[in-house]
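Engineer: Please read through the structure below; I'll follow up with questions.
The values are calculated or read from the model by the stated rules, or taken from the named source; none is laboratory data. These figures come from a predicted structure and were not determined experimentally. All Cβ positions, even for glycine, are placed from backbone atoms using ideal geometry, and neighbour counts span all protein chains on display.
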């Protein structure tokens, strides 16, 4: 296919060139009705190209197939058979994929390190999760994706499961052995969904971890706004093989998606695909070199250790690591990642990716340069000089893997929508949670609806919040109280 074309961008240019006059939404009428103060902040161009997808970008019947052509080019670029664009982020895309594989009250094997969007999918669908434990590093207190053996065991124990969903890469950059997981799934005739939200860049350089389609996955969900250069909320989901019907996948996306998609987001996806096909290898060659240099510079700073494959990969751990996720252990500084991240933003205007009880991380992409890397190194060096100002720092009670594994008592949907009450945290032990309790980022629930709470997880959340953890989806974000299912009696 001719990847020099960008059908959405070309149709947008044609719309402007032919002098179309819209008597349709959006009501701002290409910025003519927009408050000048808004235009000053956002720019005229945003509103000028904010048009309808039908009766705008394309005609009333979409006869030019603009979006379809753009999706076909994207599929060709990454080796998928079908690709669908989403303007509602991968939070919607992953739900669409889940609903394409299993229906209400049917089983889906899911890695317990799944993002909250997956849990939302379980709540909306009424599916029954069969949890697969991630591989836990007890020394680093870090979870890596589940092993192929764990997935195989779950399928063996639950032959009626309709499919499998795993997350790879994780927000920490650690990757599952997808080829081995695919082999186990397909041996039993089950489709594999990969939540690869952090992996949009993976198809475009051989030194990056293997991406889901190349590994043989059936459905792959990717957030192009995370590691690509499209706008926030842009996502694509790719499909290959015959275990998931493309018509069903499209219908599920139609069920959940908006009927007013943003042409701006479509255009950004289309342009990113063209950029990657034409220049992706060179851009990521430079990005990988920059990451290697930056990792070495940070490692030289007192109190910092940059995690590499030697820390994350090997038996019982991850299969690979994305080197563009620069994960830095700062436990030697005796401050939490939460406090360090807040200090770096306040004093240097540096916004970090993930921060936890002992780590901070910087996400690099092809958009980073020697200049942005130098800003980070300077800020981290200054943090070392001022670390005494951040002490003493509250400690976080980190449970063991067994203590982090809660019992799923009822379906997430039933607990979330059932009768509930707010109780003090001291009274929550042994109760069934009716809400997600999710340290964010990275957005992996510590407890989710239908699980029985234990004292260790409650202590983790309570001490975590006191140390700077954010739990944004809790009814009480300070976690003084917990929303729990009401006892039947």
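Engineer: Quick check: anything in the range 303-310 in a loop (DSSP other than H, G, I, E, B), touching a residue at least 40 places away in the same chain (Cβ under 8 Å) and under 23 Å from residue 67 (Cα atoms)?
Structural biologist: No, because not a single residue in the range 303-310 is in a loop (DSSP other than H, G, I, E, B), touching a residue at least 40 places away in the same chain (Cβ under 8 Å) and under 23 Å from residue 67 (Cα atoms).
Engineer: When both residues are 6+ apart or on different chains and their Cβ atoms are under 6 Å apart, which pairs have a first residue that lies in the range 401-429 and is on the phi > 0 side of the Ramachandran plot, and a second that is part of a strand (DSSP E or B)?
Structural biologist: Matching pairs, first to second residue: none at all.
Engineer: Considering each residue of the range 400-428, count those that are surrounded by 18 or more Cβ atoms within 10 Å (Cβ to Cβ) and within 15 Å of residue 357 (Cβ to Cβ), and give that number.
Structural biologist: So the count comes out to 1.
Engineer: Going by the structure shown, is residue 280 over 30 Å from residue 401 (Cβ atoms) and in contact with a strand residue (DSSP E or B) (Cβ under 9 Å, 6 or more places away or on another chain)? Working first, answer last.
Structural biologist: Values: over 30 Å from residue 401 (Cβ atoms): yes; in contact with a strand residue (DSSP E or B) (Cβ under 9 Å, 6 or more places away or on another chain): no.
Considered against the rule, which asks whether it is over 30 Å from residue 401 (Cβ atoms) and in contact with a strand residue (DSSP E or B) (Cβ under 9 Å, 6 or more places away or on another chain), residue 280 comes out as no.
Engineer: Among the residues of the range 114-123, is there at least one that is buried (at least 19 other Cβ atoms within 10 Å of the Cβ), over 15 Å from the mean Cα position of the chain (by Cα) and on the phi < 0 side of the Ramachandran plot?
Structural biologist: Yes, there is a match, as at least one residue in the range 114-123 is buried (at least 19 other Cβ atoms within 10 Å of the Cβ), over 15 Å from the mean Cα position of the chain (by Cα) and on the phi < 0 side of the Ramachandran plot.
Engineer: Can I ask one more? Within the range 186-214, can you find the residues that are buried (at least 23 other Cβ atoms within 10 Å of the Cβ) and closer than 13 Å to residue 241 by Cα?
Structural biologist: Answer for the range 186-214, where residues must be buried (at least 23 other Cβ atoms within 10 Å of the Cβ) and closer than 13 Å to residue 241 by Cα: 191, 192, 193, 212, 213.
Residue-wise test of (1) part of a helix (DSSP H, G or I); (2) at pLDDT 95 or above; (3) out of contact with any strand residue (DSSP E or B) (no Cβ under 8 Å at 6 or more places or on another chain).
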| position | (1), (2), (3) |
| --- | --- |
| 172 | no, yes, no |
| 180 | yes, yes, yes |
| 185 | yes, yes, no |
| 194 | no, yes, no |
| 197 | no, yes, no |
| 206 | no, yes, yes |
| 213 | yes, yes, no |
| 220 | no, yes, no |
| 230 | no, yes, yes |
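Engineer: Scan the range 364-376 residue by residue and report those that are surrounded by 18 or more Cβ atoms within 10 Å (Cβ to Cβ) and closer than 30 Å to residue 394 by Cα.
Structural biologist: Answer for the range 364-376, where residues must be surrounded by 18 or more Cβ atoms within 10 Å (Cβ to Cβ) and closer than 30 Å to residue 394 by Cα: 364, 373, 376.
Per-residue answers, yes or no, for (1) under 27 Å from residue 51 (Cβ atoms); (2) modelled with pLDDT under 95:
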position	(1), (2)
244	no, no
255	yes, yes
260	yes, yes
267	yes, no
276	yes, no
284	no, no
291	no, no
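Engineer: OK, next. When the residues of the range 306-337 are filtered to those that are farther than 26 Å from residue 228 by Cα and touching a helix residue (DSSP H, G or I) at 6+ places or on another chain (Cβ under 7 Å), which remaining residue is surrounded by the fewest Cβ atoms within 10 Å (Cβ to Cβ)?
Structural biologist: 333
Engineer: Go over the candidates 380, 390 one by one and state the one that is over 18 Å from residue 139 (Cβ atoms), in contact (Cβ under 8 Å) with a residue 60 or more places away in the chain and out of contact with any strand residue (DSSP E or B) (no Cβ under 6 Å at 6 or more places or on another chain).
Structural biologist: None of the other options fit; the residue is 380.
Engineer: Follow-up. Say we look at the range 343-360 and pick out the residues that are part of a loop (DSSP other than H, G, I, E, B), touching a strand residue (DSSP E or B) at 6+ places or on another chain (Cβ under 9 Å) and touching a residue at least 24 places away in the same chain (Cβ under 8 Å); which of these is surrounded by the most Cβ atoms within 10 Å (Cβ to Cβ)? I'd like the intermediate steps shown before the answer.
Structural biologist: Initially, the range 343-360 is screened for residues part of a loop (DSSP other than H, G, I, E, B), giving 349-354, 356-358.
Next cut, touching a strand residue (DSSP E or B) at 6+ places or on another chain (Cβ under 9 Å) only: 350, 352-354, 356, 358.
Now narrow it down to the ones that are touching a residue at least 24 places away in the same chain (Cβ under 8 Å): 350, 353-354, 356, 358.
Working: 350: 20, 353: 20, 354: 22, 356: 24, 358: 22.
Selected residue: 356.
Engineer: Test residue 151 against the stated conditions and say whether it is in a strand (DSSP E or B), touching a residue at least 12 places away in the same chain (Cβ under 8 Å) and within 21 Å of residue 219 (Cβ to Cβ).
Structural biologist: Values: in a strand (DSSP E or B): no; touching a residue at least 12 places away in the same chain (Cβ under 8 Å): yes; within 21 Å of residue 219 (Cβ to Cβ): yes.
So residue 151 fails the test.
Engineer: So, one more: Please name all residue pairs, on different chains or six or more residues apart, with Cβ atoms under 6 Å, provided the first residue is in the range 14-27 and is farther than 13 Å from residue 58 by Cα and the second residue is part of a loop (DSSP other than H, G, I, E, B).
Structural biologist: Taking only residues 6 or more apart or on different chains, the pairs are 24/52; 24/55; 26/50.
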